[in-house]
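What follows is one structure encoded as structure tokens, with my remarks underneath.
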Amino acid sequence: MQLPQLETFTKRQRDNYLLNLWEMQKQRQVLSSLPISIQLPFETACNANCIFCAQRIKHESPVADKFDLRHYLIYRKPLHSALTIGFGMVGEPFMYPAFTNVLRFMQDNFRAAKISFSTNGILLNKKIASMLGAAKKLHLNISVNAADHLTYLKVMGVDAFSKVIANIRLVADVQRKNKGLTLSLSYVLMKQNIAGVPDFINLAAAFNIKEVDLFPLIITDSNLNKCSLKEDALGKTLKILRRAARIARHNNIKLSCLRLDKGTHSWNMFNKRLTCHFPWQDFKIRKNGNIYICCYSTIPAGNIFKQDMNEIWNGKVYRAYRMTVNTRRLLSNCAACPMKNLNAFSFRNIDSANLK
């Protein structure tokens, strides 16, 4: 797990993070530290029709015009201790008319934390880019998933590749002038787009973007099996990833990737052991106030409108996950978790491990 640059955070955040790191190393079940990453609920419509989306929302879905973020900011102390505050997005955030106001509110009230969210980039424009250019601590991920027009249309279900590329150029120009804004591009790996990965890294290099994330296709529906790389020849896939790794290394791009071992994988999040960090670091709030430990958990750990923070954070659900997640006695959610069945690693130069 890559360590954050702690000098950019407050003493409260640094102390909480270091204590949390120690408690996670010791696999403590009851924590004195607070969450490192807090995810706030945000749901809106979407302007794409991605074939890999886990939670598709139809284009005619209502925009979350009645959404009030302040309703969910009950636990102020954890929010001021967290290193990252993100949005649990369903849909495209910029389809919500007041999303830029939401970002400003979070930056004004929680200046020490890094605000993080993802967009497909279609609705980015000069006005939004200007707002991003004034950000102090903001991470923007643009989910592109293709390196050419035809693949983009096939994967994203909308004819917007040229527009997205123009918008990436716009934001990348702003990012070069503002060190408080970090920018990454992401790419979900599947049969339809695997051949374009090296060109995608070249695309990032052309815009001087120094962070690219290659994600696995998460099979949430049997219909997605036909898109899965697990049916492809491992040798061909690794050859493509090796080439992408060389391009990333040459351009000093931090590349996060997944090792593909014929569909049998292990999730390396903290060290060389099979270790999951979510029960110690993450606190995800859903729209109804329910708290979940990770994106794949279906067991609510509590509800912010009914319980206090410690009652949830050190409650029986969080303790049960901490006690079992890194053992052979997995809870049902963990046993079925696609991330526990992925051999993942994040590294600066992907010429290590299986990609040599």
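Results for (1) part of a helix (DSSP H, G or I); (2) open to solvent by 20 Å² or more (accessible area, probe 1.4 Å); (3) at pLDDT below 90, shown as yes or no for each residue.
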| site | (1), (2), (3) |
| --- | --- |
| Phe87 | no, no, yes |
| Phe117 | no, no, no |
| Ala135 | no, no, yes |
| Thr151 | yes, yes, no |
| Asp159 | no, yes, no |
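Scan segment 102-115 residue by residue and report those that are under 30 Å from Phe52 (Cβ atoms) and in a helix (DSSP H, G or I). Result: Val102, Leu103, Met106. Here Phe105 does not fit the description of being at pLDDT below 90 and buried (at least 17 other Cβ atoms within 10 Å of the Cβ).
Each row is one residue, and each column tells you yes or no for (1) within 27 Å of Val155 (Cβ to Cβ); (2) modelled with pLDDT under 80; (3) part of a loop (DSSP other than H, G, I, E, B).
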site	(1), (2), (3)
Glu23	no, no, no
Leu31	no, no, yes
Phe42	yes, yes, no
Glu60	yes, yes, yes
His71	no, yes, no
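Just so you know, in segment 286-309 the residues that are surrounded by 17 or more Cβ atoms within 10 Å (Cβ to Cβ) and of a type in the set (Phe, Trp, Tyr) include one that is farthest from Leu79 (Cα to Cα), and it is Tyr296. When segment 247-262 is filtered for residues that are open to solvent by less than 30 Å² (accessible area, probe 1.4 Å) and either modelled with pLDDT under 50 or outside any loop (DSSP other than H, G, I, E, B) (or both), the ones remaining, listed by number, are Ile247, Ala248, Leu255, Ser256, Cys257, Leu258.
Any chance you could count how many residues in segment 172-190 are over 28 Å from His80 (Cβ atoms) and either among the acidic types (Asp, Glu) or crowded, with 22+ Cβ neighbours inside 10 Å (or both)? Let's see the steps before the verdict.
The initial filter retains those residues of segment 172-190 that are over 28 Å from His80 (Cβ atoms), namely 172-173, 176-177, 185-190.
Then keep just the ones that are either among the acidic types (Asp, Glu) or crowded, with 22+ Cβ neighbours inside 10 Å (or both); that gives 173, 185, 187-189.
Looking only at that region, the number is 5.
Considering segment 161-178, and only residues there that are of a type in the set (S, T, N, Q) and at pLDDT 90 or above, the residue that is nearest to Gly91 (Cα to Cα) turns out to be Asn167.
Looking across segment 173-182 at every residue that is within 13 Å of Asn141 (Cβ to Cβ) and either part of a helix (DSSP H, G or I) or of a type in the set (Ser, Thr, Tyr) (or both), the one that is farthest from the chain's Cα centre (by Cα) is identified as Gln175.
Among the residues of segment 149-171, are any on the phi > 0 side of the Ramachandran plot, touching a residue at least 24 places away in the same chain (Cβ under 8 Å) and not small (Gly, Ala, Ser)?
Step one: list which residues in segment 149-171 are on the phi > 0 side of the Ramachandran plot, which gives 157.
The next check asks that each one be touching a residue at least 24 places away in the same chain (Cβ under 8 Å); those that pass are 157.
Now narrow it down to the ones that are not small (Gly, Ala, Ser): none.
The answer is no, given that none of the residues of segment 149-171 is on the phi > 0 side of the Ramachandran plot, touching a residue at least 24 places away in the same chain (Cβ under 8 Å) and not small (Gly, Ala, Ser).
The values are calculated or read from the model by the stated rules, or taken from the named source; none is laboratory data. Note that the structure is predicted; figures quoted are calculated from it, not measured. Using ideal geometry, Cβ is built from the backbone for each residue, glycine included, and neighbour counts are taken over all protein chains shown. Note: areas computed on protein heavy atoms with side chains; ligands, DNA, RNA excluded. Shrake-Rupley method; radii C 1.70, N 1.55, O 1.52, S 1.80 Å.
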